[in-house]
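Take a look at the structure set out below.
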Amino acid sequence: MTYPRFRHLALLVVLGVAAACASASHNGANDAAKITPPERLRAGPMPEIREEVDLRFEVLIDADGQPDIRTLKLTGKGSGSGHAAMEDWIRNSTFKPAMQDGHPVAAVYHGALKSRIEVRRM
């Protein structure tokens with residue numbers, strides 16, 4: 001009859017170890033949270049997109065503050081037709097890199113661009 005008790009004890013030990021591992025990995029996640037995201041310091045000349053757009057984009061900014069255009073992802077209305085103009089706009093913008101513990105690191109910059117076209121008759 002000691003066999004079921006041993007099994008319960010072993011299960012309790014395994015659950016305790018799993019809980020300890022989960023809390024240890026959670027503390028490691030807090031270190032990654034200390035990264036301050038990159039910032040756009042100066043936007044390049046506004047892109048010439050001749051339609052209404054509602055774009056969201058993300059691009060990797062390296063440790064030197066340079067955007068890696070190969071990583072550019074555009075989503076939303078106008079993402080297909082405005083891709084080249086958005087590439088130029090981001091390439092000509094100035095960014096401050098992300099910081100971790102006082103050191104510049106590469107991180108993803110998230111942004112959006114929304115425009116609308118109005119026709120006014122006079």
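The values are calculated or read from the model by the stated rules, or taken from the named source; none is laboratory data. As the structure is a prediction and not an experimental result, all values here were calculated from the model. Backbone-built Cβ (ideal geometry, glycine too); neighbour counts: all protein chains shown.
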*Considering (1) at pLDDT 90 or above; (2) surrounded by 12 or more Cβ atoms within 10 Å (Cβ to Cβ), say which one S115 fails and leave the rest.*
(1)
*Qualifying residues in the stretch 74-122 (those that are hydrophobic (A, V, I, L, M, F, W, C) and in a helix (DSSP H, G or I)) - the one nearest to K34 (Cα to Cα)*: I90
*Being surrounded by fewer than 10 Cβ atoms within 10 Å (Cβ to Cβ) and in a helix (DSSP H, G or I) is the filter; apply it to the stretch 26-73 and report the residue that is modelled with the highest pLDDT.*
N30
*asked:* What's the total number of residues in the stretch 66-91 that are more than 15 Å from the chain's Cα centre (by Cα) and closer than 26 Å to D101 by Cα?
replied: 1
